[in-house]
Each structure stands twice: as C-alpha cells, then as structure tokens.
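Below is one structure; the comments refer to it alone.
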Amino acid sequence: MGFFTSTSKDEQQNRPENSVAGSSYLLWIDGAGTFLVYLQETLRIGGPGDPGTVTGFDSTWADLSLLANLSRHHISLTRSGESYYVEAKAPVYCNRRPVNDRVLLSDPSELRLNEEVLITFRQPTVLSASACLELTSQHQPQQRLDGIVLMADTCLLGSSSENHVVCDRWPGSVILYRQGDQILCRSKLKIHVNQVSASEGAVLTPGSVVSGPDLRFRWEVVA
C-alpha cells in the first residue's frame, strides 16, 4: 500500500537526525489506508494546475490539488488557535450556505466546491485542536488519499471515532505529537519505532516504521 518508495539510506543520512524535514507527511497504515498529515496553519485547496506542474498532491497554486473542475486556488482552510475558517476564492458552500468571504467552521461541516466536490470537516475530540478532512465526493489528488489531518498539536490514531485517523482493528491508540520542530509518537501499547522500543516516546524521521500488537504504519515526508 502507498505511493512513494521508502526513504533511501542516503536521504536519511543527509538530514539532521531528529528534525522535521517538511510541512506535510504521509501515514501509510496497514489495514486503514493512506493519510496526508499537514502541519501548516493554512491549507490551500484547488484544481489541477497546468499539465506537468502537478505532483502527487499539490500544484503551484494549491497545497492540495484535486482532479476536479475547480479554480486553481478555490478555498483556503486556516487554523487560528482552536478554530478553523474557510475562505472562499471561488464558489463554495458551507453547510448549504454560500461563503462570500470567511466563515468559521463547526464540527462537522460540509463544504461543497463548484456544486460537485464535497469535503467533510471534523474535529473529532475536544482534547486536540487538530482537524480532519474527508474527500466525501471521492474527488482525489493524483495520488489517492483516504483522508487528511490538519495537525495542530497532536494526531490521534486508534479504533474509536474520537481519533483523527480511525484504525478499526487496533487494540489501542497511538499519539503523534509536536515537540519543538520534531514529531514524536507514544502509546500505552508496546510499540517500536524502527524496531526500537518507543512506548515512552520516540522521534519520527522520514521513513520511520512504527509497529506494535496488530498495528503497523510508515511515516514518510511529502514536502
């Protein structure tokens, strides 16, 4: 499962050992799918750019570029504290009401872009300011995603609906969290990062593999 080859040894050696290398990452989760984790406060969503300019997920004008009839930069989603706002750059409805400028998002909110593209916004738990996006209408970027996490402080992975990424078969939860310019993970389960015990917390670097009882996922950098 997944779209990118694992990070090469040369690439890993050329990065600082415990640094965050970019602003967006992929979670490849066995049995659950592929999820984009976006760290910046503002996510621009739009349609495809000129031929040849679209990479796996973005374009020159948008951080998330969907293969759909959208403006190049159709909307912006911005996190401010624990709140999120949608800003219209082209026709968009939020919960069936037109967005003329900037609107505060509630949990849940349905965004309709150009009548055909549906995106569902959720904040599944009050314990985290992070949010989730589901591509409800099945319009996808060039490389398919099962969901997007707008990560503020933490990203919760587990079997209940209060997690940002729901993994039905997991026996417990794993928490990804920011610490300075690093992303770490921890769990009450006995987990390992690259085969080293990490239940008390370990730094994730591009290419890290996290494993435990009935769970496994890879952390990859996108940009």
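At an R0 of 25 angstrom, the distance between the Cβ atoms of T60 and Q138 translates into a FRET efficiency of 0.50. Mean residue ellipticity, 222 nm, helices only, the chain: the sum of -39500 (n - 2.57) across DSSP H runs of n ≥ 4, divided by residue count and rounded to 500, is -500 deg cm²/dmol.
Any idea what the dipole of the chain comes to, in debye rounded to 20, about its Cα centre with Lys/Arg Cβ at +1 and Asp/Glu Cβ at -1? Walk me through the intermediate numbers first.
On the way: 19 positive and 24 negative charges, 30 e Å.
It works out to roughly 140 debye.
Computed from label points 7 Å out along Cα-Cβ, the spacing between T125 and A90 is 3.6 nm.
If you stretched the chain out fully between E115 and V209, how much longer would it get, using 0.36 nm times the residue separation minus the C-alpha to C-alpha distance?
Working: separation 94, 0.36 × 94 = 33.84 nm, distance 3.98 nm.
Full-extension gain reported as 29.9 nm.
In plain terms, the chain from E82 to S159 could stretch by 25.3 nm, reckoned as 0.36 nm per residue minus the Cα-Cα distance. One chain, two ends: N100 and D30. Fully extended at 0.36 nm per residue, the span grows by 21.1 nm beyond their Cα-Cα distance. What the Cα convex hull of the chain gives, in volume per residue, is 119 Å³. Each of D107 and Q182 was given a label point 7 Å from its Cα along the Cα-to-Cβ line. The distance between the two points is 2.8 nm.
No value in this document is a laboratory result; all are computed from the given coordinates. Quick caveat, the model's predicted, so the values are computed rather than measured. Counting neighbours? That spans all protein chains shown, and the Cβs are built from the backbone with ideal geometry, glycine included.
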